[in-house]
Amino acid sequence: MRLKMDGGRDVQLDPREHPHLDHGYAVTSHSSQDQTAERVLIHVDTALAAKDLLNSRMAYVAVSRGAEDAQLYTNDREKLPQALGHDVSHESAHAPAIKPEQSIKPPQPEIAPVIEHGMGLGHSL
């Protein structure tokens, strides 16, 4: 087996000398729904630009895929609870949460200005 590292270095491994190594596949937690694996490795990057993807539902789906073992890896252990603590169970893809400043207000009827016509003589007719 030949591995090419990010830094350009090549590493050669003989599978007969390293029988504990096996092939692995990476999938998203979304695509892993309804699947089970013996072991799962979960990578959670708390500095990820798409923070809406890190939430309690994603954590549950990812961890529950492992029948025997689930291991979680992160770049920031301190920020992990906050990143995965976001509860989205009340939200729906069909009814996104809209902030008040984003809501569409119905058109308001225009009220024409009242113009009073008169002679300016101070007498009412």
Residues with amide H under 5 Å of Leu41's amide H, sequence separation 5 or more or different chain, H placed in the peptide plane at 1.01 Å from N; which?
Gln71
For Cα pairs less than 8 Å apart in space and 6+ apart in sequence, what is the mean separation divided by the residue count of segment 26-88, i.e. the relative contact order in percent?
44 percent
Long-range amide H partners of Thr74, meaning residues 5 or more apart or on another chain whose placed amide H is closer than 5 Å, are Val44
Efficiency of FRET from Cβ geometry, Gln82 and Arg9, R₀ 30 Å, rounded to 0.05:
0.25
Here, Gln35 and Leu48, labelled 7 Å along Cα→Cβ, have an inter-label distance in nm of 1.6 nm
Using only the alpha-carbon atoms of segment 26-88 as identical scatterers, what base-10 log of I(q)/I(0) does the Debye formula give at q = 0.16 Å⁻¹?
-0.48
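Each value in this text was obtained by applying a stated rule to the coordinates, not by laboratory testing. Values in this document were obtained by computation on a predicted structure and should not be read as measured data. Cβ sites come from the backbone with ideal geometry, for glycine too, and all protein chains shown count toward neighbours.
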